1. Sketch the reach of a paramagnetic label on THR322 as a point 7 Å from Cα along Cα-to-Cβ, and name the residues of the stretch 68-95 whose backbone nitrogen lies under 14 Å away.
2. Return the carbon/sulfur percentage of the accessible area of the stretch 182-292, one whole number, probe 1.4 Å, all protein chains in place.
3. Quick one: net charge of GLY62's neighbours, Cβ under 13 Å, K/R +1, D/E -1?
4. Can you give the relative contact order of the chain as a percent, counting alpha carbon pairs under 8 Å and 6+ residues apart?
5. So how much slack lies between ARG336 and ILE368, counting 0.36 nm per residue of separation and subtracting their Cα-Cα distance, in nm?
6. Given a Förster distance of 35 Å, report the FRET efficiency between GLU101 and VAL26 from their Cβ-Cβ distance, rounded to the nearest 0.05.
7. Which is farthest toward the positive dipole end of the chain among LEU136, ALA269, PHE171, measuring Cα position about the Cα centre, with Cβ charges +1 (Lys, Arg) and -1 (Asp, Glu)?
8. Output ³J(HN,Hα) for the stretch 156-170: one whole-Hz value per residue in order, computed from phi by the Karplus curve 6.51 cos²θ - 1.76 cosθ + 1.60 with θ = phi - 60°, and x for Gly and Pro.
Amino acid sequence: MFLADAPSMTPLETAAGVPLGAEPGVVTLVRERSQPSARHALEEAMKRALQQSPCVVSFSGGRDSSATLALAAYVARRDGLPLPIPVTFRFPEIPSTHETEWQELVIRHVGLDEWERIDLTDELDLLGDTATAGLLKHGVGWPPNAYLHVPIFRVARGGCVVTGFDGDGLFGDWRWCHAQAALHGRTAFAAKDLVRIGLAFAPPAIRLSSIKRRPYFVPNWLQPDARQEFTRAILNRAAGEPRRWDRRVEWHANSRALFVAMSNLGLIAADYEVRVEHPLLDPDFLSALAAEGGAVGFGDRTSSMAHLFSDLLPVQSISRSTKAEFGGAVWREGARHFVDTWDGTGVDPSLVDADRLRAAWSADNPVIHSWSLLHAAWLATQLK
């Protein structure tokens, strides 16, 4: 029987496959005039992680994990600490996951001799032994692919695992980036920027009309009332995003999705006596980053990465726009067999249309929003 110790999602969140809204008060940024530089604060966070051995970096070759690895190696050499050990899992049979060229570029640039590479086939099936063991022990967690770190936790047993979570959200998704840049003279002003700036200053109720016209994902398996509630939550969250960069940093850090993800990853890591550190979400770093960026921030994702890591990484790594995709690595025989034999039970019919969910699961690459329901439906079969 599983232990109900994972931070629980609401029924709607499980049905939609994502935590919604905010988790207020999880992170409170220090608002002082005198702050260390963001880079200094990040180095201090990394130094704390490196002091526990072994210190393993979850390294995919993407921008965030590459920056994390490069910074860890730099701090270790500077302070005479053991070098971090990058650990990478690979799926030779799944081309969409291949990042070898990017990984080797970073490893050569950083100059690390020790690099643990784990070749896998179907071991990380969404309903394979690793995933289902976690479900039986902890229940349905989020993100549904958090268990992918288990091979890395095994290598790091008794030590620390460092991730690059969540550079995408921190640096890449700021809705008002261009409006603030135009307002503060960071970019050439165009006539259409008047509308962008006006919306940036508008209250959330006014912003909603514009945000509704932009594409956003709504799971089609949600029942009408659930779809409406989900849409309202997504739009209200988007409409409330702060105009100023410094306030946006704290807003992002207190998202419920981040809280649930970090909690669940830490829970799984504890099974292997591993501490997980996310330097890009360290409160001291976020406070310094907010103070340093002020109202306008550092620009887009690439500019923000360059501001922090241009001395540590090749320019190709900082500016790359591609990333690996792991759907094909986890939708393997176990998950597909369950879908083929599923009788439609184990999901809340008031929230979920089972036929549409089955169709979503039967796609070549099912959207990640549907994965939590796969876990919930499977777990229900174990509790009968």
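The values are calculated or read from the model by the stated rules, or taken from the named source; none is laboratory data. Here the structure is a predicted model, which means the values were calculated and not measured. Note that we place each Cβ from the backbone using ideal geometry, even for glycine, and neighbour counts take in every protein chain shown. Only protein heavy atoms, including side chains, enter the accessible area calculation; ligands, DNA and RNA are left aside. Shrake-Rupley method; radii C 1.70, N 1.55, O 1.52, S 1.80 Å.
1. 95
2. Working: 2990 of 5380 Å².
Its accessible area is 55 percent carbon and sulfur atoms.
3. On the way: positive: ARG63, ARG301, ARG320, LYS323; negative: ASP64, GLU99, GLU101, ASP166, ASP168, GLU325.
Here the count lands on -2.
4. Numbers: 610 pairs, mean separation 119.5, N = 384.
Relative contact order comes out at 31 percent.
5. Numbers: separation 32, 0.36 × 32 = 11.52 nm, distance 1.46 nm.
Once the chain is fully extended between ARG336 and ILE368, it gains 10.1 nm.
6. Details: r = 37 Å, r/R0 = 1.07.
The calculated FRET efficiency here is 0.40.
7. PHE171
8. Working through the residues one at a time gives 8, 2, x, x, 10, 10, 10, 10, x, 5, 10, x, 4, x, 5 Hz.
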